[in-house]
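Note sheet for the following structure.
Just so it is clear, none of the values below were taken in a lab; they were calculated from the coordinates. Because the structure is a prediction, the values reported are computed rather than measured. Cβ sites come from the backbone with ideal geometry, for glycine too, and all protein chains shown count toward neighbours.
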Amino acid sequence: MKKQLVVVGNGMAGARVVEEILARGGADLFEITMFGEEPYGNYSRLMLSHVLSGEESVADIFLNSLPWYQANNITLHAGVRVDRIDKFSRHVFAADGRVVQYDHLIIATGSRPYLPSMEGLYSPSGTLRRGIFTFRNMEDTRRIMKFAGLGQRSDEQSRAVVVGGGFSGLAAARGLRAAGMDVRVVHSGSHLMSAQLGPDDAAILRRSVEALGIRVHRGSRTTAIRGSDRITGVGLNDQPDLDCDMVVLAAGKRPKVDVAVVSGLAVERGIVVDDHMRVLDEEGIHAVGECAQHRGEVYGQLAPVWEQAAVLADQLTGVDWRSMYLGSSVLCPQPPVACVTGIPVNPVR
């Protein structure tokens, strides 16, 4: 009899694990059920900047469309959040009232944007003010495009400040600039993509970013959002205010671990896993991707997710019981041409 495999998370990590399991004959071993908070199949977050710029349509960036799940006999509950796990009875409880039993559970809930502390960020209702956006998913992208009039060029909302000079921030800046907007990037670090690049390669990257017409403010921290009825600019700690009509927050991310916390799983920064991607002290529960913490590290890059997915698939299918995840390098290749999708990097120093 097939085992019940439940995957909480239908993003790039969750879908990749399932692909790896299927590639190892997992369709004969498991009945697979997936939950995803977004109401679609799996798409490439790395390509959202190309949707912003108009170079790609939403349909172009899907990696696993809804028919793929049907073709592989996967039950997908799209647009359904899992609120709680009962690790003793081995059931997951979804927000729509659905209860599903599992033999093996994979948590791949990813991460959520980090919202920096600054004056004027929130409306009286506690939500982000109109004109302030995160850049994490498809809905974020659609909201930005609608506000800025992208795809139906408007001159009214033409100036953007992107807070954060990591991958997401540069991808957002590149997409907005390619769509014709005036774009500035404010980065608190001494150099761009400081988690992945050293100063020399970051200098190459900065020149390439600026060659696109994007202005970069390094070593500066945003302290306030200006404007009352509408956004008029951002305040910095060490420079004059920057005028803008919209602000995109891309200053990092945090593991999304809510369901693990309320369910009593081991959580530090992320969900603590061993070298087999099994959650600490739990039988039959695993975690992969940006929500997982392995040997004290939480990885926000794609390559570690792929490596973790392969190890977990080896373990669950029994293809290689000795397979272990021993950690990944977070450094980008030299030169950093592959690190920022769509930004051509000139390696000449």
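What the table shows:
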{"read-out": "Phi-based couplings in Hz for region 163-175 (Karplus 6.51, -1.76, 1.60; Gly and Pro marked x)", "value": "8, x, x, x, 4, 5, x, 5, 5, 5, 4, 4, x"}
{"read-out": "Cα-based helix-to-principal-axis angle, 138-148 vs the chain, degrees rounded to 10", "value": "20 degrees"}
{"read-out": "Dipole magnitude of the chain, debye to nearest 20 (Cβ charges: Lys/Arg +1, Asp/Glu -1, about Cα centre)", "value": "720 debye"}
{"read-out": "Alpha-carbon centroid distance for the pair region 126-140 / region 265-318, whole angstrom", "value": "29 Å"}
{"read-out": "Value of relative contact order over the chain, rounded to a whole percent, pairs C-alpha under 8 Å and six or more apart", "value": "19 percent"}
{"read-out": "Lys/Arg +1, Asp/Glu -1 at C-beta; the chain dipole; positive extreme among Thr33, Ala309, Met181", "value": "Met181"}
{"read-out": "Where Cα atoms sit under 26 Å apart: lysine pairs in the chain separated by 8 or more or lying on different chains", "value": "4"}
{"read-out": "Computed over region 178-318: relative contact order in percent, which uses C-alpha pairs under 8 Å that are six or more apart", "value": "13 percent"}
{"read-out": "Principal axis dimensions, largest first and in whole angstrom, of region 89-176 by Cα", "value": "56, 30, 26"}
{"read-out": "Chain lengthening between Met1 and Arg84 when straightened (0.36 nm per residue, less Cα-Cα)", "value": "27.2 nm"}
{"read-out": "Rounded tilt (10° steps) of 12-23 against the dominant C-alpha axis of the chain", "value": "40 degrees"}
{"read-out": "Orientation-averaged projected area, Cα convex hull of the chain (nm²)", "value": "18.4 nm²"}
{"read-out": "Amide H partners (placed H, <5 Å) of Ala292, local residues excluded", "value": "Ile271"}
{"read-out": "Paired Rg and Dmax values of region 149-256, which use every Cα atom, in angstrom", "value": "13.7, 42"}
{"read-out": "Gained length - Arg215 relative to Arg98, 0.36 nm times residue gap less alpha-carbon distance", "value": "37.2 nm"}
{"read-out": "Among Ser117, Ser65, Ser263: highest mean-square fluctuation, GNM of the chain, C-alpha pairs under 10 Å", "value": "Ser117"}
{"read-out": "Rounded to the nearest 20 debye, dipole of region 272-313 from Cβ charges on Lys, Arg, Asp, Glu", "value": "120 debye"}
{"read-out": "Taking region 13-151 and dividing mean pair separation by its residue count, relative contact order in percent (alpha carbons under 8 Å, at least six apart)", "value": "24 percent"}
{"read-out": "Extreme residue, positive dipole direction of the chain, given options Val6, Phe135, Gly213 (C-beta unit charges)", "value": "Gly213"}
{"read-out": "Span from the region 1-41 Cα centroid across to the region 234-264 one, whole angstrom", "value": "31 Å"}
{"read-out": "Farthest toward positive dipole pole in region 137-266 [+1 Lys/Arg, -1 Asp/Glu at C-beta], among Met246, Ala202, Thr232", "value": "Ala202"}
{"read-out": "Most fluctuating residue given options Gly270, Gly233, Gly126, as computed from a GNM of the chain linking Cα atoms under 10 Å", "value": "Gly126"}
